[in-house]
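Notes to accompany the following structure.
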Amino acid sequence: MRSEIDSVAAVCMTDCPYVVKVHNYWYEFEIDPKFDKYCILMEYCDTNLSTYIRKRYVEEESHFTEKEIWKIICHVMEGVKKCHDSHYTHRDLKPQNSMSSDHF
């Protein structure tokens, strides 16, 4: 598991605007090994795509233009491409896991 975290963190430590940046990561050992944990220090993202969509449709009663939809899709796919180029598959791609600090 440790080498997997090292590899994934290496992908996230690159400068790709479509992948959440990992600043640091470490492993904390406990007396009882079942409570050991990985800690990941990531960039702050104040919303995700699911929340953004809900806010637009419910609170603001506003719809997305086709241009906005394509922009969101292209940004998500650029992040996926970065993972694939590094030989990783996301495996849990959904709006709740599409994070943003610039509101898409």
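The values are calculated or read from the model by the stated rules, or taken from the named source; none is laboratory data. Quick caveat, the model's predicted, so the values are computed rather than measured. Note that each Cβ is placed from the backbone with ideal geometry, even for glycine, and that neighbours are counted across all protein chains shown.
Just one residue in the set Val8, Val58, Val19 is part of a helix (DSSP H, G or I) and touching a residue at least 24 places away in the same chain (Cβ under 8 Å); that residue is Val8.
Of the residues examined, Ile40 is one that is modelled with pLDDT under 90, within 18 Å of Met99 (Cα to Cα), surrounded by 12 or more Cβ atoms within 10 Å (Cβ to Cβ) and β-branched (Val, Ile, Thr). Residues of segment 71-89 that are surrounded by 13 or more Cβ atoms within 10 Å (Cβ to Cβ) and not in a helix (DSSP H, G or I): Ser86, Tyr88.
Is it the case, given these coordinates, that Lys34 is surrounded by 11 or more Cβ atoms within 10 Å (Cβ to Cβ), basic (Lys, Arg) and outside any strand (DSSP E or B)? No; evaluated as a whole, the condition is false for this residue.
For segment 90-104, give me each residue that is within 18 Å of Lys21 (Cβ to Cβ) and either aliphatic (A, V, I, L, M) or not in a loop (DSSP other than H, G, I, E, B) (or both).
Our first condition is that a residue be within 18 Å of Lys21 (Cβ to Cβ); within segment 90-104, this holds for 90, 97-104.
Of everything in segment 90-104, those that are within 18 Å of Lys21 (Cβ to Cβ) and either aliphatic (A, V, I, L, M) or not in a loop (DSSP other than H, G, I, E, B) (or both) turn out to be Asn97, Met99, Ser100.
Take the residues in segment 47-84 that are of a type in the set (Gly, Ala, Ser) and closer than 23 Å to Cys16 by Cα; name whichever of them is modelled with the highest pLDDT. Give the derivation first.
At the first step, the residues of segment 47-84 found to be of a type in the set (Gly, Ala, Ser) are 50, 62, 79.
Narrowing the set further to residues that are closer than 23 Å to Cys16 by Cα leaves 50, 79.
Working: Ser50: 93, Gly79: 89.
Restricting to residues being of a type in the set (Gly, Ala, Ser) and closer than 23 Å to Cys16 by Cα, the top hit is Ser50.
Condition test on Tyr25, is it free of Cβ contacts under 8 Å to residues at least 40 places away in the same chain, among the aromatic types (Phe, Trp, Tyr) and not in a helix (DSSP H, G or I)? Talk me through it step by step, then tell me what you get.
Numbers: free of Cβ contacts under 8 Å to residues at least 40 places away in the same chain: yes; among the aromatic types (Phe, Trp, Tyr): yes; not in a helix (DSSP H, G or I): yes.
Against the criterion (free of Cβ contacts under 8 Å to residues at least 40 places away in the same chain, among the aromatic types (Phe, Trp, Tyr) and not in a helix (DSSP H, G or I)), Tyr25 qualifies.
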